[in-house]
Amino acid sequence: MTDWDAATYDRLADPQEEWGREVLERLELSGDETVLDAGCGSGRVTRVLLERLPEGRVIGIDAAPSMIAKAGKALGGDARVELRVGDLLELDLDCETDAIFSNATFHWILDHERLFGRLYAALRPGGTLEAQCGGQGNVAEFKRAIEAAEGDERFAPYLRGIPASYNFAALDDTLARLRRAGFEDARVWLENRTVIPAEPEAYVRAVGLANHFARLPPELHDEFAAAVLGSMPRPLVLEYVRLNISARRPD
Ligand SMILES: C[S@@+](CC[C@H](N)C(=O)[O-])C[C@H]1O[C@@H](n2cnc3c(N)ncnc32)[C@H](O)[C@@H]1O
């Protein structure tokens, strides 16, 4: 699995925390539940989730070891938190959760059919899923700039044939997949969000290029980031389209 630059992500993930807080507001909690944070990253939003669970518990799972290490430093002393390195496509918890929360993660996972099936299995009957990720049309200009850089002869030998880096799913596909996984009361909707990063290069590297950096040799990382940013207008304006998901496992 792809590792991330967790320290830089944690420093620059203000937009992601803001969106995550909005998704958390949708979660109905009494305060004693067990909640899965699916793709918890460096733990910035996990910390906010914990404030809602004085008597509860959070299981944070993320595929990136550096992210789990960073989250462990921030939250490790808290007995209510269990952090694990793991792939959500292989999710197999030894307990059922009351709710699943996920922020800015699902678009990094190509197989949503399998993802929703694993999440459904991890929920108790009646449990809820509240999530947000990149949806159809997300950062379209940035995506075009990445695709152009992928074709550059300096990078193409390392990137040829790699699977798509992002899965910005459409509303109707997502609804159909949720229903096929068994969810009911499923609602999906898109929201536009504009981000103008204060540190454009560091932001783009830490938030958007993890999959590419995992395949390119380190000495090409700067050149690749420069190629992507070089074909985008300045100041850098990122037009995000967020895909929201609310669903419930039947009783
Ligand atoms: C943009 S970060 C979001 C982190 C956090 N939820 C937040 O809001 O700050 C995306 C995270 O998804 C994780 N991720 C990507 N694919 C994954 C997978 N298959 N299983 C688990 N985590 C995954 C990455 O490692 C990364 O930490």
### Task
Could you pull out every residue, at least 5 positions away or on a different chain, whose amide H is within less than 5 Å of the one on residue 123? Hs are placed 1.01 Å off N in the peptide plane, and Pro or chain starts have none.
97
### Task
Report the Stokes-Einstein translational diffusion coefficient (µm² s⁻¹, integer) for the chain, Rh taken as the Kirkwood radius over Cα pairs, at 10 °C with viscosity 1.306 mPa s.
85
### Message
Residues of region 155-172 with backbone nitrogen within less than 14 Å of a virtual label 7 Å along the Cα-to-Cβ line of residue 223, please, listed as ranges.
### Response
155-159
### Query
Given N residues in region 1-120, what is Rg(Cα) / (2.2 N^0.38 Å)?
0.97
### Task
Measure nothing fancy, just the Cα-based angle from helix 171-181's long axis to the longest principal axis of the chain, in degrees from 0 to 90, nearest 10.
40
### Query
Any idea what angle helix 112-122 forms with the longest principal axis of the chain, computed on alpha-carbon atoms, 0 to 90 degrees, nearest 10?
30
### Query
Taking only the alpha-carbon positions of region 116-218 and ignoring solvent, what does the Debye formula give for the base-10 log of I(q)/I(0) at q = 0.19 Å⁻¹?
-1.05
### Summary
Checking 155, 168, 116 against a Gaussian network model of the chain (alpha-carbon springs below 10 Å), the top fluctuating residue turns out to be 155
## Note on the structure
Which of 119, 236, 36 fluctuates most in a GNM of the chain (C-alpha springs under 10 Å)? That residue is 236
### Query
Just how far, in whole angstrom, is region 37-83 from region 129-198 if you go by their alpha carbon centroids?
24
### Message
Only sites in a loop by DSSP and with at most 15 other Cβ atoms within 10 Å count here; which trypsin sites (Lys or Arg not before Pro) in region 146-220 make the cut?
### Response
154, 160
### Message
Angle check, please: helix 221-230 long axis (alpha carbons) against the longest principal axis of the chain (alpha carbons), in degrees 0 to 90, nearest 10.
### Response
80
## Note on the structure
In Å, the C-alpha Rg and Dmax of region 98-142 are 12.3, 41
#### Entry: Antiparallel DSSP beta bridges within the chain, percent to nearest 5
45
## Note on the structure
For the pair residue 180 and residue 96, the simple spin-label estimate (label points 7 Å beyond Cα toward Cβ) gives in nm 2.5
### Query
Among 14, 94, 152, which one moves the most in a GNM of the chain with springs linking Cα atoms closer than 10 Å?
94
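Any read-out appearing in this document is the output of simple, stated calculations on the displayed coordinates, not a laboratory observation. For clarity, every value in this text was computed on a predicted model and none was experimentally measured. FYI the Cβ positions are ideal-geometry reconstructions off the backbone, even for glycines, and counts take in every protein chain you see.
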